Amino acid sequence: MGWNSWNKFQCDVSEGLIRQTADALVSTGLRDAGYIYLNIDDCWHGKRDAQGLIQPDPKRFPNGLKAVADYVHSKNLKLGIYSDAGTLTCGKRPGSHGFEEKDARQYASWGVDYLKYDWCSTEGLKAEEAYTTMRNALQKTGRPIVFSICEWGTSQPWTWAAPVGNLWRTTGDIGLCWEKKACKHEWEMGWMNILDLQVGLDTYAGPGHWNDPDMLQVGNGLSEVEDRAHFSLWALLAAPLLAGNDLRNMSQATKETLTNRDVIAVDQDPLGIEGSKVRDDGAKEIWAKPLKGGAKAVILLNRGEAPVRIKVTWAELGWSAPTTVVRDLWRKQDMGSFRDGTFAEVAPHGVVMLRLSPAPVPAVGR
């Protein structure tokens, strides 16, 4: 969990922005809700020096990245950084190809805790080999650094990346759009399209090796209903929750979405099981995820343009508790006890997110 600069700021990153965002992670309560990593994406780079060591852009980061890392760490946060397996990053800054060990040592010397490693300008390279090279370089530093593989799912990294990285992108970049037809750029995907591509990948993920359907667009211009649906489904997928909005100027609704502790608990459940689709009736879908202690999270998703009633039965969920307590995680209230199933009215582009728990067995007196 954390924050990444790309979705809102793209190449407009600076020391001031990162310091202010660190402050905002604390003042808004996001840090205390679990958002720990503060990740600088592309375009922080300057040039390499005479020894081949990468330096930050002196205009954007005049005090260097060690000073930034120290400030971030002083807030009980961790600093993430970005590079690329090719000769250039996607923003045409120096990539790490041929400089993997030097870059890894440089990041470690700055106090970096997380590396997002992209896949631009990689002609002739093989993904597994290139990412393994950087993985080895990071390990040689002796510093624990989360390794995020951003290869866009091209070579099916879920089949090989578990021993290499901690998380791997499963698709292309997320856009500020419900579906691709509404995205601004050709290379972007709607988050509904990304969701569809997660079906069947759940068996590859688990603690320490996660499918990554890309960063959150919550608070960047989707409707409040769509924001909650997006956040709910990423939580059910056990996905990394990396906010991508301007934390310094967010609405109360966005803050409440990002800090809903019941929904975050589904994402962070200790079992680490990725949720999966249970039923698909066109515009109406049901998704579910087992939770520690025998509970289950369920999402009723309405992809359509009009309100619908969605019913779910315990049988289709493989749920066998004699009586079930159902809690609505967005309304933050219990709906009651049910024996065979339940239903809810779901808004267009919205979800109802439920937590099912076996009802306590009454004590038998003498």
With (1) farther than 17 Å from TRP3 by Cα; (2) in contact (Cβ under 8 Å) with a residue 40 or more places away in the chain; (3) buried (at least 18 other Cβ atoms within 10 Å of the Cβ) as the list, and MET215 as the residue in question, which single condition is left unmet?
(1)
Could you check, for the range 336-349, whether at least one of its residues is buried (at least 18 other Cβ atoms within 10 Å of the Cβ), of a type outside the set (D, E, K, R) and on the phi > 0 side of the Ramachandran plot?
yes
Look at the range 33-52 and say how many of its residues are in contact (Cβ under 8 Å) with a residue 24 or more places away in the chain, under 17 Å from ASP103 (Cα atoms) and among the aliphatic types (A, V, I, L, M).
1
Picking from GLN106, GLN55, the residue that is in contact (Cβ under 8 Å) with a residue 40 or more places away in the chain, in the same structural domain as CYS183 (by TED's automatic domain parsing), over 20 Å from LEU241 (Cα atoms) and not charged (D, E, K, R) would be GLN106
Out of the range 310-335, which residues are more than 25 Å from GLY282 (Cβ to Cβ), free of Cβ contacts under 8 Å to residues at least 40 places away in the same chain and in a loop (DSSP other than H, G, I, E, B)?
SER320, ALA321, PRO322, THR323, ARG331
For helices (runs of 4 or more DSSP H) lying entirely in the range 219-272, having 3 or more residues that are of a type in the set (Gly, Ala, Ser) and surrounded by 19 or more Cβ atoms within 10 Å (Cβ to Cβ) picks out 224-236
Looking only at the range 89-112, decide whether some residue is farther than 20 Å from CYS150 by Cα and touching a His at 6+ places or on another chain (Cβ under 7 Å).
yes
Picking from ALA265, ALA229, ALA239, which residue would you name as being within 11 Å of the chain's Cα centre (by Cα) and either closer than 15 Å to TYR35 by Cα or not β-branched (Val, Ile, Thr) (or both)?
ALA239
Determine whether the range 60-68 contains at least one residue that is more than 26 Å from LEU258 (Cβ to Cβ), touching a Cys at 6+ places or on another chain (Cβ under 9 Å) and in contact (Cβ under 8 Å) with a residue 40 or more places away in the chain.
yes
Need the failing condition index for TYR71 against (1) of a type in the set (Ser, Thr, Tyr); (2) surrounded by fewer than 20 Cβ atoms within 10 Å (Cβ to Cβ); (3) not in a helix (DSSP H, G or I), just the number.
(3)
Failed item in (1) without any contact (Cβ under 8 Å) to a residue 60 or more places away in the chain; (2) crowded, with 23+ Cβ neighbours inside 10 Å, with LYS116 passing the rest
(1)
With the structure loaded, tell me whether LYS289 is in a strand (DSSP E or B) and surrounded by 19 or more Cβ atoms within 10 Å (Cβ to Cβ) or whether it fails that test.
yes
A careful count of residues in the range 130-157 that are within 26 Å of ILE174 (Cα to Cα) and either in contact (Cβ under 8 Å) with a residue 12 or more places away in the chain or charged (D, E, K, R) (or both) gives 17
Take the conditions crowded, with 19+ Cβ neighbours inside 10 Å, on the phi < 0 side of the Ramachandran plot and assigned by TED's automatic domain parsing to the domain that holds LEU201 and apply them to GLU128. Does it pass?
no
For residues that are of a type in the set (A, V, I, L, M) and crowded, with 20+ Cβ neighbours inside 10 Å, scanning just the range 7-23, find the one that is farthest from PRO58 (Cα to Cα).
ALA22
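The values are calculated or read from the model by the stated rules, or taken from the named source; none is laboratory data. Treat the numbers as computed from the prediction; the structure is a model and nothing was measured. Note that each Cβ is placed from the backbone with ideal geometry, even for glycine, and that neighbours are counted across all protein chains shown.
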